[in-house]
Structures are given as C-alpha cells and as structure tokens.
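Engineer: Quick one: this structure, given as structure tokens, is what I'll be asking you about.
The values are calculated or read from the model by the stated rules, or taken from the named source; none is laboratory data. Worth saying up front: this structure is predicted, and the values here are computed from it rather than measured. Methodologically, a virtual Cβ is constructed for each residue, glycine included, from the backbone with ideal geometry; neighbour enumeration extends over all protein chains shown. For the accessible areas, the whole protein counts, side chains as well, though only heavy atoms, and no ligand, DNA or RNA atoms are used. Shrake-Rupley method; radii C 1.70, N 1.55, O 1.52, S 1.80 Å.
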Amino acid sequence: MNVTWEGSGRDGTGWEGLSPYAGRCRLPGWDCTAGLVVGEDAALMIDAGSSVREGARLRTRAHGLLGGGRVTHLALTHPHFDHVFGAAAFAGTEVFAAVGAEHVLAEGREELLADAVRNGADPEEAAEAADLLVRPRHLVSGEWTLDLGGGLQVLLANVGPGHTGHDLAVLVAGPGPGSREIVFCGDLVEESGEPQAGPDAVPSRWPAALDRLLALGGEDALYVPGHGAVVDAAFVRAQREALARRFDVP
C-alpha cells in the first residue's frame, strides 16, 4: 500500500514519516508517541492515546491516510493510561500486549483512572476510558511475528520488565535488503525528559531491557521513544548507562 506521510507529527497533526511504510505522531498533552505501520494487506497501530476521543481521532486520521483501508492490529507497549485509554476506539482490531498486561487492564482500572486524573486528564473522559478498557486478545511472552503483506514483517518482542512489568517493543523490518530497521520502544526510552519510574517499574531489570532493545535493532536502527524525538542507538545506550547509575545496577 502506497502511503504519503504528511506533516511533522507534532501535537497530533499529520504523520512523521520514518520510512515508506512506517510513521508516527506525537500526541498533545503528554507528548506520547503513536505509531502506524502499513503493509499491503494490514496496518498496525502502536499505542492508542490517552482517551477514547483521542483514540478515535487517531483511528480517523489513520483510515484517511490508508485511503479506504483500516487499522487491523493494535499493539500496546505497556499498560499506562496515556498509551491504552484510547484502545476502545479501535473496535474490530486484533490487540496485542506483553503477557501480564491483561491483568493490569482487568484488575487495575481504578489505579489507571486515578493516575490519569493525577496527571491532568479530564476526569469524565478518564472514567469513560477506564470503563471501556480493552483487554488484549494476543499475549506476547517471547516474540511474535506479524506479516502485514508485501514482504513487510513486524516483530513484537516482550523485552521487559523495566518501565513496567509488561513492556512490549515493536521492530519493523523493511521488505527489501538494506532497509533501515525501526524500533518502537514504548516508555523504556524517553527523549523529552528523564525516564519515569513509577510504582510498577522494575528498576533492577530496566538496563537489561534496553540491552535487549539494542540487540533487537542494532547500531543502525531508528529508535522511537514513548515520548519525544526519534533517537539512535547511541542515545539508547547512554540512557541505559544513566539508568544503571541511577538505580545502582550493572
């Protein structure tokens, strides 16, 4: 499928093209990344925004870009409100997450709602999203390959724990030789501020999760953080070392 990525991707306007088949936008409010990967037969959204309304805007913009196609798959990088509260807008998609995330989404709704409101989300919108939280149908314990058609394959990898107990990374490998790989990192990597370690973080394992990210993408990949600008392997490695010092782990 031929896609024309338009705009800067900033503040939820347009899409920042990362390759002919992958793009992302930076949503307003928390500067949260949402990614889109487009194959000949299917399209994958990566994270869903911070409310049902925001998820619906993402879906509409994606479907407009796809010219009659639709988002068929949704990958949730981790179970935090700013990444999952829009998932209900993607009805009919196949939803993926790291194994264990389903329990957070089923049993931790009140804490997710409270966290959203603490961080400035509209209480009514947050309550609606918490009521409609989507449980992932497909749980990734190791790696899971999706074939989006036209030779485009996407690898979902459970690389955590780290930022949370259930961190999923998405590796996009181009259909031809020499194509640059793209790694959607979720909040294992943050560029617009210091990585956030909440009560569900596993600091002792976070540096090792970044080692797995680097092994996945390699030196030449583009690394797309959960918040902020696209970075390279050197940035991820530096953040790994900073986290190791911060948490006093190897």
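Engineer: Which one is nearest to residue 101 (Cα to Cα), of the residues in the stretch 146-196 that are over 17 Å from the mean Cα position of the chain (by Cα) and aliphatic (A, V, I, L, M)?
Structural biologist: Among those residues, the one meeting the criterion is 148.
Engineer: Additional query: Failed condition for residue 155, given (1) farther than 30 Å from residue 179 by Cβ; (2) surrounded by fewer than 18 Cβ atoms within 10 Å (Cβ to Cβ); (3) of a type outside the set (D, E, K, R), with all others met?
Structural biologist: Here residue 155 clears every test but (1).
Engineer: Here is a follow-up. Select from the stretch 158-180 the residues that are open to solvent by less than 10 Å² (accessible area, probe 1.4 Å) and part of a loop (DSSP other than H, G, I, E, B) and list them in ascending order.
Structural biologist: 159, 162, 163, 164, 167
Engineer: On the given criteria, is residue 209 assigned to a loop (DSSP other than H, G, I, E, B) and surrounded by 17 or more Cβ atoms within 10 Å (Cβ to Cβ)?
Structural biologist: Considered against the rule, which asks whether it is assigned to a loop (DSSP other than H, G, I, E, B) and surrounded by 17 or more Cβ atoms within 10 Å (Cβ to Cβ), residue 209 comes out as no.
Engineer: May I ask you to list pairs of residues, at least six apart or on different chains, whose Cβ atoms are under 9 Å apart, with the first in the stretch 117-129 being in contact (Cβ under 8 Å) with a residue 24 or more places away in the chain and of a type in the set (A, V, I, L, M) and the second being open to solvent by 60 Å² or more (accessible area, probe 1.4 Å) and assigned to a helix (DSSP H, G or I)?
Structural biologist: 126/117; 129/53
Engineer: Run down 241, 190, 194 and say which single residue is among the acidic types (Asp, Glu) and surrounded by 14 or more Cβ atoms within 10 Å (Cβ to Cβ).
Structural biologist: Residue meeting the stated conditions: 190.
Engineer: When you go through (1) at pLDDT 95 or above; (2) within 30 Å of residue 119 (Cα to Cα) one by one for residue 155, which number turns out not to apply?
Structural biologist: (2)
Engineer: Surrounded by fewer than 23 Cβ atoms within 10 Å (Cβ to Cβ) and modelled with pLDDT of 90 or more, is that true of residue 19?
Structural biologist: Criteria met by residue 19.
Engineer: Report the residue count in the stretch 212-226 for those that are in contact with a Ser or Thr (Cβ under 9 Å, 6 or more places away or on another chain) and assigned to a loop (DSSP other than H, G, I, E, B). If you could, list the steps in order and put the result at the bottom.
Structural biologist: We begin by selecting, within the stretch 212-226, every residue in contact with a Ser or Thr (Cβ under 9 Å, 6 or more places away or on another chain); these are 222, 224-226.
Those still in the list that are assigned to a loop (DSSP other than H, G, I, E, B) too: 225-226.
Summing the residues that are in contact with a Ser or Thr (Cβ under 9 Å, 6 or more places away or on another chain) and assigned to a loop (DSSP other than H, G, I, E, B) in the stretch 212-226 gives 2.
Engineer: Filter the stretch 212-226 down to the residues that are more than 19 Å from residue 179 (Cβ to Cβ) and touching a residue at least 60 places away in the same chain (Cβ under 8 Å), then identify the one that is surrounded by the fewest Cβ atoms within 10 Å (Cβ to Cβ). Lay out the reasoning, then the answer.
Structural biologist: Initially, the stretch 212-226 is screened for residues more than 19 Å from residue 179 (Cβ to Cβ), giving 212, 225-226.
Filter once more, keeping what is touching a residue at least 60 places away in the same chain (Cβ under 8 Å): 225-226.
On the way: 225: 25, 226: 28.
That would be 225.
Engineer: Determine, yes or no, whether residue 183 is closer than 27 Å to residue 91 by Cβ, touching a residue at least 12 places away in the same chain (Cβ under 8 Å) and buried (at least 23 other Cβ atoms within 10 Å of the Cβ).
Structural biologist: Values: closer than 27 Å to residue 91 by Cβ: no; touching a residue at least 12 places away in the same chain (Cβ under 8 Å): yes; buried (at least 23 other Cβ atoms within 10 Å of the Cβ): yes.
No: the conditions fail for residue 183.
Engineer: Now for a different question. What is the number of the single condition among (1) open to solvent by 60 Å² or more (accessible area, probe 1.4 Å); (2) assigned to a helix (DSSP H, G or I) that residue 236 does not meet?
Structural biologist: Of (1) open to solvent by 60 Å² or more (accessible area, probe 1.4 Å); (2) assigned to a helix (DSSP H, G or I), only one is false for residue 236: (1).
Engineer: Could you tell me which of the residues 47, 31, 41 is more than 11 Å from the chain's Cα centre (by Cα) and on the phi > 0 side of the Ramachandran plot?
Structural biologist: The match here is 31.
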